[in-house]
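Contents: one structure, followed by commentary.
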Amino acid sequence: MSLWTGLRIIIFASQQGSQYNTAAVVLCIETVKLLLAAQMFVSRDGTFSELLAQLSKHRALLAKYFVPAFLYCIYNNLTFTVLSVVNPSTYAILQQLRLVVTGLLYERCLSRRLSRMQWIAIVLLTIGCMVKEADQFSTSSSVSTRTTPVTMYLFILLQIACAVAAGVYNEVLLKEETGTSINLQNVCMYLNSIVCNVLFMALGFGPRNIRPLFSFSVFPIILTYASIGIVTSIFLKHLNSVLKTIASALELYATAATALLLFGTPIDGFTVISLILVSGGVYIYSAFPPDPSPPTLSQPARNDDDADAVLTAGKGEVSV
């Protein structure tokens, strides 16, 4: 929770100073993740030579991971773009809409019935996000006085769409590749992520963008982003789903409080009501799952509070 809160705060703060190429930052992050994933494969599944042999053997799997890697690449780069304008509290709240999209997608496209309480949670989440931005679209708020441009809402919706689509795609891959090492799949993901970010860099990278990457405000982003995966995997391994959900809800309050202390971001009535509704919706959605049905997947899918696959401990994998 602290790492995710800190990450949003650091990104927001770094965007207020010197400009830097965000694709280059994400590329550094993915490179560190690749090194960590390769090290985990060597420590758990075999030697480095065996890793290379497995990659050669599973070329088709490596190619399949280009799709989620590209989607996560879009998500991660948009994170920097959105947080250059939107304050961390608003961003954290609006990102919870991914639960709404995921629930509706699973209900309509994957025939996974939601419980009645989960539908209530979706309603609460939707209302909570609408309340948070209600003052932005009130009759007394002109276009020139809005703090969040409409373009940023579109970017957030695109982020959510990419995260949900990548999560569903990963679920299919994990279902098809149940006998493949999860560490090998992480390596496949990060190799593709590096390729995608190199392509993004080619669109706007220049020599002037290199120096800020190693500044005090930017370098911590790389370290924090890369370490979140391992910490999150340990958290998910040892705590139950209710505690995980409580942590997610508390993260919203922590982000709002930290943004207030560091940047003076106001916590008005709209924000308070939104926090209560959204955190309540997040808790209800996870605490009241649908009735058990015949299992269709032996491993959990990656999904994202960002949306990008990270290292795991044990059987499953989570994403950030």
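The values are calculated or read from the model by the stated rules, or taken from the named source; none is laboratory data. None of the values given here were measured: they were computed from a predicted structure. Neighbour counts are summed over all protein chains in view; Cβ atoms, including those assigned to glycine, are modelled from backbone coordinates with ideal geometry.
Annotations
- Test for Leu158: is it modelled with pLDDT of 85 or more and on the phi < 0 side of the Ramachandran plot: yes
- A residue that is touching a Gly at 6+ places or on another chain (Cβ under 8 Å), modelled with pLDDT under 75, surrounded by fewer than 17 Cβ atoms within 10 Å (Cβ to Cβ) and closer than 22 Å to Asn76 by Cα can be found somewhere in the range 216-226.
- Some residue of the range 165-181 being part of a helix (DSSP H, G or I), at pLDDT 80 or above and of a type in the set (Ser, Thr, Tyr): yes
- For Leu52, the conditions (1) outside any loop (DSSP other than H, G, I, E, B); (2) within 30 Å of Cys129 (Cα to Cα) are fulfilled apart from (2).
- Test result for Phe66, at pLDDT 90 or above and within 12 Å of Cys188 (Cα to Cα): yes
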